[in-house]
Amino acid sequence: MGEDSLTQDLVCGMMLRVDKVKATYTYHEKVYYFCGMGCLERFKKEPDKYIKKEKEKL
Ligand SMILES: [Zn+2]
């Protein structure tokens, strides 16, 4: 248990528990987690947009 069990939904920014997550999507061999199908669908349309946003924050 710890911070490694949390992940962020890149679409809406919500923090999610990996073991409770309902929607996942594998892109470029990395797994992304979403709060629901709505965010998953948005990510699928423009994955690079959301991934880029995440990198800019760091
Ligand atoms: Zn979401």
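Annotations
- Summing Lys and Arg as +1 and Asp and Glu as -1 over all other residues whose Cβ lies under 14 Å from the Cβ of residue 41 gives a net charge of +3.
- Computed from label points 7 Å out along Cα-Cβ, the spacing between residue 31 and residue 6 is 1.9 nm.
- Exceeding the 19 Å Cα-Cα cut-off - candidates 22/52; 30/52; 22/55: 22/52; 22/55
- Average Cα contact separation per residue, the chain, under 8 Å, 6 or more apart, as relative contact order %: 29
- With eigenvalues of the C-alpha gyration tensor scaled by 5 and rooted, the stretch 3-57, Å: 16, 13, 10
A short reminder: the numbers here are calculations on the coordinates, not readings from a lab. Source: prediction; values computed, not measured. Methodologically, a virtual Cβ is constructed for each residue, glycine included, from the backbone with ideal geometry; neighbour enumeration extends over all protein chains shown.
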